[in-house]
1. Which residues, counting only those in segment A:87-120, are β-branched (V, I, T) and within 30 Å of A:S36 (Cα to Cα)?
2. Of the conditions (1) open to solvent by 60 Å² or more (accessible area, probe 1.4 Å); (2) in a loop (DSSP other than H, G, I, E, B); (3) farther than 26 Å from B:I206 by Cβ, B:E82 fails just one. Which one is it?
3. Is it the case, given these coordinates, that B:L162 is within 14 Å of chain A (Cβ to nearest Cβ) and surrounded by fewer than 18 Cβ atoms within 10 Å (Cβ to Cβ)?
4. State yes or no: is B:K130 free of Cβ contacts under 8 Å to residues at least 40 places away in the same chain, more than 16 Å from ligand 1 (Cβ to nearest atom) and either among the charged types (D, E, K, R) or open to solvent by 30 Å² or more (accessible area, probe 1.4 Å) (or both)?
5. Could you please find all residues in segment B:49-69 being at the interface with chain A (Cβ under 10 Å from one of its Cβ atoms) and in contact (Cβ under 8 Å) with a residue 12 or more places away in the chain?
6. When you look at B:I73, is it more than 16 Å from ligand 2 (Cβ to nearest atom), under 17 Å from the mean Cα position of the chain (by Cα) and away from chain A (no Cβ under 11 Å), yes or no?
7. Going by the structure shown, is A:L84 modelled with pLDDT of 90 or more and open to solvent by less than 10 Å² (accessible area, probe 1.4 Å)?
8. For B:E60, indicate whether it is acidic (D, E), within 20 Å of the chain's Cα centre (by Cα), within 13 Å of ligand 2 (Cβ to nearest atom) and surrounded by fewer than 20 Cβ atoms within 10 Å (Cβ to Cβ).
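The values are calculated or read from the model by the stated rules, or taken from the named source; none is laboratory data. Predicted, not measured: the structure shown is a model, and the values here were computed from it. Heads up, the Cβs are rebuilt from the backbone with ideal geometry, glycines too, and the neighbour counts pull from every protein chain shown. Just the protein is used for accessible areas: all its heavy atoms, side chains included, with ligands, DNA and RNA removed. Shrake-Rupley method; radii C 1.70, N 1.55, O 1.52, S 1.80 Å.
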Amino acid sequence: MFLALVKKETKEHIFSRKGIGFLFVVSLLLSILSFSFISVKELSLLDQPTVVMTTLKLLLGINILIAMVIGATMIAGEKEKGTLESLLLTPLTKRNIILAKLAAILIFWLIVTLVSLPYLFVLAYQANLFPTVLLYLYGIGTILIISFSSIALIFSTVLVSTKNAMILAIMAFLITAIPMFLSTTMKKSGLAKVISENSPVSASMTAMKDIFINKMAAPQVLIELIPVFIFFLLALFFALLIAKKVDFLRGE
Amino acid sequence: MINTQQLKKVYDNGFEAVKNLSLHVHKGDIYGFLGPNGAGKTTTIRMLIGLIEPTSGELEVSNLNVKKNKEEIKKHIGVLPESHGYYEWMTGEEYLQFFSALHKLDKKQRKAKVAEVLDLVSLTSKANVKISQYSRGMRQRLGIARTLIHDPEIIFLDEPTLGLDPQGQKDIENILLNLNKVNGVTIFITSHLLKDIEKICNRVAIVKTGTLMEEDSVQSLLDKYKKEIHKEDLSLEDVFFHLTSDRKEEQ
Ligand SMILES: Nc1ncnc2c1ncn2[C@@H]1O[C@H](COP(=O)(O)OP(=O)(O)OP(=O)(O)O)[C@@H](O)[C@H]1O
Ligand SMILES: [Mg+2]
């Protein structure tokens, strides 16, 4: 019963025009990126870890955004179309519904990463970084994807219109991405310092640098990643908590 | 089948949509739940099926206390909500397959059951057509098929004939009569088509702004109001207007 819903979500959001479109965009981006790294002179001089990191960041960033957009439409969309009421009258629990939608987003993530593996392999193999790339992508990457999709699903649950849920999701994405745009000096003081020290996004960035460039040992990296884990647990916890609020009513 | 006592719903904004409603639906009834727009019909159905909490009162469906058996009750009821949507990208058959899986029918059962309910609503020939290409009447019939997928004892239909042409309305009526007679399904239906309700329902309730005005068999109501409303060939419609109209009868 749960699987039937996962299957339906996958068909509706991933093996649909929208999903295939997203997939196409991601692979196009990867192709352009890889091509530039190889053929543009200035870029081809970059060391391999930097190249790999840039690609990973971009891949993660765009996938988080896509996952959030899909997540934001998932429940609000059913409310808008008037399909949620019938769904709630099946033996599915509200929590099942949230989890099935999350699972579908994870399937999308899995497919995208599989498509990007050849690119990552080519970019990483010389420096022998490919196993590390896999670990980062499927470990930290997956955790980030689940966290952000959960947030999008929360918006989708509490809001009634797909449009609003989507706008909020994109805003949340931009806010969490702020640390990436802060300069190193800015990060040293005030609010920027607080944000960059505690934000899961900057924690995962720091960890990335320490893994690929500084070759830091695993226990230390894990400590650095604590904000990421906390963020993950909180997001998932609230998504499951808010599941009770999944309501068919439109308007109000 | 359904018993409610002093059922009441006050919405969050303080609006009292249903007031002390006591309804009695018997097994095998085709029960017409009638009332003007805003009378509280949809609100009542949503309480009966456990989708919204009553503010107070008792309610029992299929011998189960709805408040205490929210999950169990889903097995006994089928519901066609008031204004509902479909997954347009599915075919009729895929749609029913999907719901049969959600209702935990096992794989072997599913195919036969889907074929059976498609046949019941005469959609077998359209089974493999996308729902986006269905007409309104076909959609409503598909909706009814969906309510039947898990063999419920009672189905709730909230304005199933809304927006259908006369033929479409007749099709639905025939399906319902057949379901009731052959499969023994109890039917709780709301509709504004009083002539049709009079034809297919054995019992009706008439509500006005959340208050129950009458609950009885169609014939008893007609007999009862014959004395009050002086009109030849008294119909359910006349009784309805008599009970729900705000205008006092012009002398
Ligand atoms: N969520 C809500 N919050 C506040 N008031 C509501 C809500 N839903 C319905 N109402 C009000 O409750 C009253 C009864 O609504 P309901 O939908 O039950 O009527 P109905 O008999 O089904 O009408 P119709 O024939 O138009 O379908 C209406 O006045 C409506 O405005
Ligand atoms: Mg209604």
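1. Scanning segment A:87-120 gives A:I105, A:I107, A:I111, A:V112, A:T113, A:V115.
2. Result: B:E82 passes all but (3).
3. Taking the combined requirement at face value, the residue satisfies it.
4. no
5. Step one: of segment B:49-69, the residues at the interface with chain A (Cβ under 10 Å from one of its Cβ atoms) are B:49-52.
B:I49, B:G50, B:I52, listed by residue number.
6. Answer is no for this residue.
7. Yes, satisfied.
8. Numbers: acidic (D, E): yes; within 20 Å of the chain's Cα centre (by Cα): yes; within 13 Å of ligand 2 (Cβ to nearest atom): no; surrounded by fewer than 20 Cβ atoms within 10 Å (Cβ to Cβ): yes.
When the stated conditions are applied, B:E60 does not pass them.
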